[in-house]
Each structure stands twice: as C-alpha cells, then as structure tokens.
1. Residue-wise, which Karplus ³J(HN,Hα) couplings in Hz belong to the range 62-77, taking 6.51 cos²θ - 1.76 cosθ + 1.60, θ = phi - 60°, and x for glycine or proline?
2. Quick one: what are the phi-derived ³J(HN,Hα) couplings along the range 50-60, Karplus 6.51/-1.76/1.60 with θ = phi - 60°, whole Hz, x for glycine and proline?
3. So between ALA133 and ALA44, what do we pick up on full extension, going 0.36 nm a residue minus the alpha carbon distance?
4. Check which residues have an amide H placed less than 5 Å from ASP155's amide H, if you skip close sequence neighbours.
5. Would you mind working out the accessible area per residue for the range 1-86, using a 1.4 Å probe, and quoting it in Å²?
6. What percentage of the solvent-accessible surface of the range 13-69, computed with a 1.4 Å probe over protein heavy atoms, is contributed by carbon and sulfur atoms?
7. In nm, give the distance between the simple-model label positions of LYS29 and THR75, each being 7 Å from the Cα along the Cα-to-Cβ direction.
8. Under 8 Å for C-alpha pairs, at least 6 residues apart: give me the relative contact order for the range 1-100, rounded to a whole percent.
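The values are calculated or read from the model by the stated rules, or taken from the named source; none is laboratory data. Since this is a predicted model, take the numbers as computed values, not measurements. Note that we place each Cβ from the backbone using ideal geometry, even for glycine, and neighbour counts take in every protein chain shown. These accessible areas exclude ligands, DNA and RNA; they are computed on the full protein's heavy atoms, side chains included. Shrake-Rupley method; radii C 1.70, N 1.55, O 1.52, S 1.80 Å.
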Amino acid sequence: MPAMKMAGNIFLVGMMGAGKTSVGRVLAKRLHHEFVDSDHEIEARTGVRIPTIFEIEGEAGFRVREQEVIADLVTHTRIILATGGGAVLKAENRAALRMHGTVIYLSASVDDLLERTQHDKNRPLLRTENPRAKLSTLLAERDPLYREVADLIIDTAHHNVHSLATLIERKLVRLVGKKRDDISNA
C-alpha cells in the first residue's frame, strides 16, 4: 500500500458495538488526527437522533444521508472516521473509503457485540425481540463487505480500548513501513 493512502485518513468499519468510536477517539489523540463519528455527524447535521431518522425515513432514508456524510468526510485530511455499522452496505461508501484512506475492520463476535450493545437505546436495528438473532444476521450479511474494504482486520476480543489502539498503531507501522511519529505527522 502506498504511504500516501495512509497520509490522510483512517476509517474504522465494523458492527455496532465493535468499538469504532471508543478506539477512534483514543487513536485520534495518539496520532494527532481529528476524530469524527459519521453517526454523530448525521445527528448534528439533521438535528435529530438516528432512531428518529429511522422512524420517519426508514433505513433506506438513513442510508442516503449516511452516504452523503461519508462522501463529504472522506475528503477531509488527517481524520479518523468511525463509520456506522451499515456504512459498507453501499458500494459507493466502500469505494470512497478505499480511495481516501486506510480502512480498518474491527471484528467482534456476536456475544461481544450483544454484551456491548444490550443497554444502548440508540440502536434502531436492535429494537427487536431477539437482538442476538438480529446481530447474527447483520454480521453474516456485513462481514464479507467489511473484509472486502479492509486494509487491516483487527479482532477486538480480549482487548480493551487502549490495547486495541496500540495494536492498530503497530499494525499501521507495519502496513505503511513508517515510524509512529511519521504516521502522526502525516
């Protein structure tokens, strides 16, 4: 992978509850990049919470908004972007992420995802009688897409946020053949 791809942006993909926002914030501080969460950006731009967008516009309407936000955010420089879990569903998003930065897939098991999301009321797709079954279905559908777009795949099992950030830093150094300080200053 050319160093120029690394020079600007790091995009985190994975299921809801994989740790994209938490890890992204820590990584951004360490690498002196701006942190952006695409879901939070959508809420800021619309002035409403994501569950409200789902209620009014459905998932299809939300995905259109998500695509617009991602198309804008990937053009920024030196950002770490935590994408929504379903961002990879649109081919346009996958192409934009691949073209504008290094994509890291934070992989997690259904058990871990369920444990991390079970008390979160801001997950409209998990408002169901059987969240475990829903997570299993979503993961089966999305995992191949995450893998397709990813430059790096990081298994989040048995890691806390800080150890994940450290692991990602080490993998980035190997991936781009640069020192940590070079990555921070890119």
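1. Computed from phi, the couplings for the range 62-77 are 4, 4, 5, 4, 4, 4, 4, 5, 5, 4, 6, 5, 5, 7, 6, 10 Hz.
2. 4, x, 5, 4, 4, 5, 7, 10, x, 5, 4
3. Values: separation 89, 0.36 × 89 = 32.04 nm, distance 3.08 nm.
Value of the extension gain: 29.0 nm.
4. Excluding prolines and chain starts, which carry no amide H, the hits are SER107.
5. Result: 41 Å² of accessible area for each residue.
6. About 50 percent, which is the carbon plus sulfur part of the accessible surface.
7. Calculated label separation equals 3.2 nm.
8. On the way: 121 pairs, mean separation 45.5, N = 100.
Value for the range 1-100: 45 percent.
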